[in-house]
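Data first, discussion second: the structure below is written as structure tokens.
The values are calculated or read from the model by the stated rules, or taken from the named source; none is laboratory data. Nothing here was measured: the structure is a model prediction, and the numbers come from that model. Here the Cβ positions follow ideal geometry from the backbone for every residue, glycine too, while neighbour counts run over all protein chains shown.
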């Protein structure tokens with residue numbers, strides 16, 4: 001998958017007439033190596049550990065390019081911060097968000113997906129995309 005995402009981004013950059021750079025490649029490598037919902041700051045710290053010469057603005061702009069290229073999705077969990085997650089073709093999941101520590105747990109539930117589709121059909125609505133986020137307190141914070 002990582003190889004396909006790298007190729008997808010390289011093709012996108014070329015189609016936009018942008019240069020392929022080692023900095024962008026390193027940012028992509030760090031992004032794809034993470035399995036969490038990264039803020040720009042979090043990704044910047046990961047990238048900076050590997051190359052201190054890469055600036056925050058470069059990481060910010062590159063994340064925006066990832067989203068434009070379709071390899072990342074920008075998400076907001078109500079904490080005033082944009083986060084980014086990987087986009088996998090045909091894959092869908094929802095989120096449990098802790099309002100105390102900010103942890104995010106992904107989940108899939110076929111019954112919920114089916115119910116959402118039934119509701120849409122009941123109202124004659126054609127769903128193109130959706131997101132479900134449940135906010136509460138995670139088990140760790142409840143202790």
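Restrict the check to the stretch 10-24 and report whether at least one residue is in a helix (DSSP H, G or I) and in contact (Cβ under 8 Å) with a residue 60 or more places away in the chain.
no
In the stretch 62-87, which residues are part of a helix (DSSP H, G or I) and surrounded by 14 or more Cβ atoms within 10 Å (Cβ to Cβ)?
Within the stretch 62-87, 62, 63, 64, 65, 66, 67, 69 meet the criteria.
Pull out all pairs, ordered by first then second residue, where Cβ-Cβ is under 6 Å, the residues are six or more apart or on different chains, the first lies in the stretch 26-41 and is over 12 Å from residue 66 (Cβ atoms), and the second is at pLDDT below 90.
Close Cβ pairs satisfying both conditions: 37/83; 37/85; 37/104; 39/81; 39/83.
Look through the stretch 120-133, keep the residues that are surrounded by 11 or more Cβ atoms within 10 Å (Cβ to Cβ) and not in a loop (DSSP other than H, G, I, E, B), and return whichever of them is modelled with the lowest pLDDT.
133
Restricting the search to the stretch 43-61, which residues are in a helix (DSSP H, G or I) and in contact (Cβ under 8 Å) with a residue 12 or more places away in the chain?
Hits for the stretch 43-61 are 43, 44, 46, 47, 50, 56, 58, 59, 60.
Give the stretch 41-61 a look and list any residue that's buried (at least 20 other Cβ atoms within 10 Å of the Cβ) and within 21 Å of residue 106 (Cα to Cα), or say none.
Correct list: 43 only.
Looking only at the stretch 65-83, how many residues end up being within 11 Å of the chain's Cα centre (by Cα) and free of Cβ contacts under 8 Å to residues at least 60 places away in the same chain?
Selection size over the stretch 65-83: 9.
Can you name the residue in the stretch 15-33 that is touching a helix residue (DSSP H, G or I) at 6+ places or on another chain (Cβ under 7 Å) and closer than 25 Å to residue 93 by Cβ and, of all such residues, is surrounded by the most Cβ atoms within 10 Å (Cβ to Cβ)?
27
Consider the stretch 90-109. How many of its residues are part of a loop (DSSP other than H, G, I, E, B) and either in contact (Cβ under 8 Å) with a residue 24 or more places away in the chain or under 16 Å from residue 129 (Cβ atoms) (or both)?
The number of residues fulfilling the criteria is 10.
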